[in-house]
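Report on the following structure.
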Amino acid sequence: MSSREQILARLRQNRPQGPALPNIDAVPFITFADKFDAFATLVRNLGGDAVQLQPGETVAGIVAQRWPQAGRVVDVTAANPEQVTAPHDWHDVDIAIVRGELAVAESAAVWVSHAGNSQRALYFLTQKLVLVVPKDAIVDTMRDAYARVSIREHGFGGFISGSSRTADIEQSLVMGAHGAMAALVIFV
């Protein structure tokens with residue numbers, strides 16, 4: 001055994017016991033009486049919006065009413081979504097309608113995930129992002145969300161919240177700096 005290995009073995013043998021990890025279930029976490037209202041309030045504070053689909057309404061109808069002068073609209077929730085071969089093909093998308101799997105009331109974040117990586121650039125290149133989330137897929141906290149999410153093998157997953165904004169440079173607010181300039185979450 002080399003000197004290095006002897007020293008490391010003695011260090012491992014005499015290493016002090018670390019502190020016990022805290023019990024995260026011992027502390028009560030946030031719960032909201034109205035998860036949608038909490039989500040909608042926070043997403044509006046972030047520069048986005050959230051609505052619930054009403055009987056007789058369609059996602060396409062809400063989008064057309066909100067942005068009647070839209071350019072290229074890509075709806076990957078449609079039966080036959082537009083397919084692209086390279087992320088650069090999304091460069092001129094004005095509105096992207098994508099599926100969200102889970103919404104988090106405390107952070108106004110939506111979990112997006114899919115097995116293929118073909119769509120991930122769309123989330124960040126579009127000017128306006130519409131996330132379509134099931135009404136029953138809203139949880140109170142990020143802790144609750146992490147218990148329910150999974151990244152599909154060789155896929156993409158991430159939380160997206162509100163519209164993209166930053167005020168890092170000379171304290172000037174810039175919308176769409178690293179993502180969509182506007183975000184709309186539609187609960188269906």
Practice prompt. Kindly indicate whether any position in segment 159-176 is touching a Phe, Trp or Tyr at 6+ places or on another chain (Cβ under 6 Å), modelled with pLDDT of 90 or more and hydrophobic (A, V, I, L, M, F, W, C).
Written response: no
Practice prompt. Pick out the one residue from ALA50, ALA79, ALA64 that is free of Cβ contacts under 8 Å to residues at least 24 places away in the same chain, open to solvent by less than 80 Å² (accessible area, probe 1.4 Å) and of a type in the set (A, V, I, L, M).
Written response: ALA64
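Just one of LEU21, LEU42, LEU11 is surrounded by 15 or more Cβ atoms within 10 Å (Cβ to Cβ) and not β-branched (Val, Ile, Thr); which is it?
Being surrounded by 15 or more Cβ atoms within 10 Å (Cβ to Cβ) and not β-branched (Val, Ile, Thr) holds for just one of LEU21, LEU42, LEU11, which is LEU42.
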Worksheet entry | Members of segment 9-56 that are in a helix (DSSP H, G or I), among the charged types (D, E, K, R) and within 20 Å of ILE138 (Cα to Cα) | LYS35, ASP37, ARG44
Worksheet entry | Residues (part of a loop (DSSP other than H, G, I, E, B), without any contact (Cβ under 8 Å) to a residue 40 or more places away in the chain and charged (D, E, K, R)) located in segment 82-125 | GLU82, ASP92, ARG120
Practice prompt. Considering (1) touching a strand residue (DSSP E or B) at 6+ places or on another chain (Cβ under 6 Å); (2) not in a loop (DSSP other than H, G, I, E, B), say which one GLN6 fails and leave the rest.
Written response: (1)
Fill in: Conditions (1) in a helix (DSSP H, G or I); (2) open to solvent by 80 Å² or more (accessible area, probe 1.4 Å); (3) within 25 Å of MET181 (Cα to Cα): number failed by GLN69
(1)
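The values are calculated or read from the model by the stated rules, or taken from the named source; none is laboratory data. Note that the structure is a prediction, hence the values are computed from the model and not measured. All Cβ positions, even for glycine, are placed from backbone atoms using ideal geometry, and neighbour counts span all protein chains on display. With ligands, DNA and RNA removed, areas are computed over all heavy atoms of the protein, side chains included. Shrake-Rupley method; radii C 1.70, N 1.55, O 1.52, S 1.80 Å.
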